[in-house]
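J.: Here it is, the structure, as structure tokens.
Read-outs throughout are calculated quantities, based only on the coordinates presented, and are distinct from any laboratory measurement. All of these numbers come straight from a predicted model, not from anything done at the bench. No Cβ is skipped: glycine too gets one built from the backbone with ideal geometry, and neighbour counts run over all protein chains shown.
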Amino acid sequence: MELLEKRKAKRYVYRASISYELQLPDGSYDAPVAAAGLNVGAAGISFSSRQALPLHALVRISLLVNSRETVSCRGRVVRSMADSDQQALYHIGVALDGADEVNQKRMEIFFKNLDINNILDGINLDHVVDVNLIAGFPPVIKRLKKLVILKGDPFDELVLRNMLLSILDTTQYEKFMQNKECNCIFTTRQGTRFRVNLHFQQNKIEGTLRFIPARISAPSELGLPKTAEHLLMERNGLIMVAGSTGSGKTTTLASMVEFLNNLRTGIIICIEDPIEYLHANRLCIIKQRELGRDTLSFYNAARNALRQNPDVLVVGEILDRETMETAITAAETGALVMTSIHAGDVAQTLDRVSSFFSPDVQPYILKRLSLVLRGVIAQELIPRLDEEGMALAAEVLTVTSAVRRAIREADWKQIPSFIQVGKNAGMQTMQQSLRDLVNKNIISSEYLLDEFAG
């Protein structure tokens, strides 16, 4: 029974060096050998070695539990197998026999520090946007655009590194070490989802985790104007959601997908990096494809989506000319295309689309864009006066004959004027949106003054 419980004990991915020493017949130990850790747990440790070890051999293993302390434990080799991917390496498994009292306590703390759930489960996520895990600090959260340093011990650099790397699978880990950047999703044991960005900062591995609400709100619940729902009634065309990083573009796109999922039947293909919100099929069949796991690029996935005959195509972000042109083509062929783009307002959005293309092809692209574009929503998030989250302010453009002509002529200076007088067509300026939020006592008037000043 005790052996069975040990085998059931939780194991943690461990991507740091260890050293092992083989016990000799006289009870002494051979010279230490460095190896790469694979996973660790109370029941055992596995590592990758350049030499095979005899089964049942006794070993002593040492590893750093933080930047200053080393722990040692004893065990018996229970697995020694050649690596199927790398012939020069062997996977070694060691069943632990135990450690002295001091090392045992250090191991318990070590295992606790490897489990990121122990950090995230203790954080009140009400109105939290980001959780920042930084060496030398306790967790730092961003709540309503304010940084709050939580109580607790500061992260040791090595402890934080081991904890963050433990959440990556092998493919993610290899890409991260090669590219020095990683975006992925982590789900806690309580089912809470986070979008994770791991990065290096002065050679230290640190992380920013963005909380993903489990429930997908309707467009009206987010604070989007009614025009957003009217745009979704279109059977084809292009809808663009613009804003800066952290302005809620992904949430808006997810809300639009869920709105359509409850409105009409069809095939919806979403190309995302990474997949944040999970959609359940209702009236629609929804295919969610993730960059790196299901496809190699937005462009490849969008181009091949045309062969899958989607009713709705969602491109998580437009980053280049090829993807932009494919989105326009998809709209031309009869799909409703929704995408996001980094831009401050509607005019900047259209200018950025134009800038993807060389001057000689811009007239051709802009003519096509003028025919398929249905609307642009440029949004930002403002802290609410009641501190109950963020309020969404949005500038909205719908495409009239005058707007269509301005797009063909790349006359972006005319766009704000069209929005200013386009209320009857469902348009609104950012100032009008902010003024409405101020009048409803949802946000402070200081944001309206800032908008006028800008």
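J.: For the stretch 21-62, what is the largest minus smallest coordinate of the Cα atoms on each principal axis, given in angstrom and ordered from greatest to least?
T.: Computed over the stretch 21-62, the largest-to-smallest principal extents equal 30, 23, 19 Å.
J.: Which shape class applies to the chain: rounded if a/c is under 1.5, otherwise prolate when a/b exceeds b/c and oblate if not, where a ≥ b ≥ c are the square roots of the Cα gyration tensor eigenvalues?
T.: Here the chain falls in the prolate category.
J.: Leaving out same-chain residues fewer than 8 places away, which lysines sit with a Cα under 27 Å from that of Lys180?
T.: By straight Cα distance, Lys180 reaches Lys112, Lys142, Lys145, Lys204, Lys249.
J.: Here's a follow-up. Placing +1 on the Cβ of each Lys and Arg and -1 on the Cβ of each Asp and Glu in the chain, which of Gln288, Ala214, Ser244 has its Cα farthest towards the positive end of the resulting dipole?
T.: It is Gln288.
J.: At what distance in nm do the modelled label points of Arg189 and Glu221 sit from each other, each positioned 7 Å from its Cα along Cα→Cβ?
T.: With each label placed 7 Å out from Cα toward Cβ, I get 2.9 nm.
J.: Now a separate question. Starting with the highest mean, order 35-42, 75-82 by the number of other Cβ atoms within 10 Å, averaged over the residues of each peptide.
T.: 35-42, 75-82
J.: Need the list of lysines near Lys423 for cross-linking: C-alpha distance under 22 angstrom, and skip anything on the same chain fewer than eight residues off.
T.: Counting by Cα, and skipping residues close in sequence, Lys423 has these lysines nearby: Lys226, Lys413, Lys440.
J.: Show me 90-100, 388-398, 222-232 ranked by packing, highest mean number of other Cβ atoms within 10 Å first.
T.: The packing order, highest mean first, is 388-398, 222-232, 90-100.
J.: Work out how much length Asp386 to Asp351 would gain on full extension: take 0.36 nm times their residue separation and subtract the Cα-Cα distance, in nm to one decimal.
T.: Extra length available between Asp386 and Asp351 comes to 8.9 nm.
J.: Any idea what the dipole of the stretch 225-375 comes to, in debye rounded to 20, about its Cα centre with Lys/Arg Cβ at +1 and Asp/Glu Cβ at -1?
T.: The dipole magnitude comes to about 380 debye.
J.: Would you list, by chain and number, the aspartates and glutamates whose Cα falls below 14 Å from the Cα of Lys105, excluding same-chain residues fewer than 8 positions away?
T.: Counting by Cα, and skipping residues close in sequence, Lys105 has these aspartates and glutamates nearby: Glu69.
J.: Rounded, prolate or oblate for the stretch 2-113? Axes are the square roots of the Cα gyration tensor eigenvalues, ordered a ≥ b ≥ c, and the cut-off for rounded is a/c under 1.5.
T.: Here the stretch 2-113 falls in the rounded category.
J.: With a ≥ b ≥ c the root eigenvalues of the C-alpha gyration tensor of the stretch 219-453, is it rounded (a/c under 1.5), prolate (a/b larger than b/c) or oblate?
T.: Oblate shape, in that a/c is at least 1.5 and b/c is the bigger or equal ratio.
J.: Taking the Cβ-Cβ separation of Asn197 and Val421 as r and a Förster radius of 56 Å, what is the calculated FRET efficiency to the nearest 0.05?
T.: Given R0 = 56 Å and the Cβ-Cβ separation, E is 0.85.
J.: Let me know the charge dipole size of the chain about its Cα centre in debye, to the nearest 20, where only the beta-carbon of Lys, Arg (+1) and Asp, Glu (-1) is charged.
T.: That gives the chain a dipole magnitude of about 680 debye.
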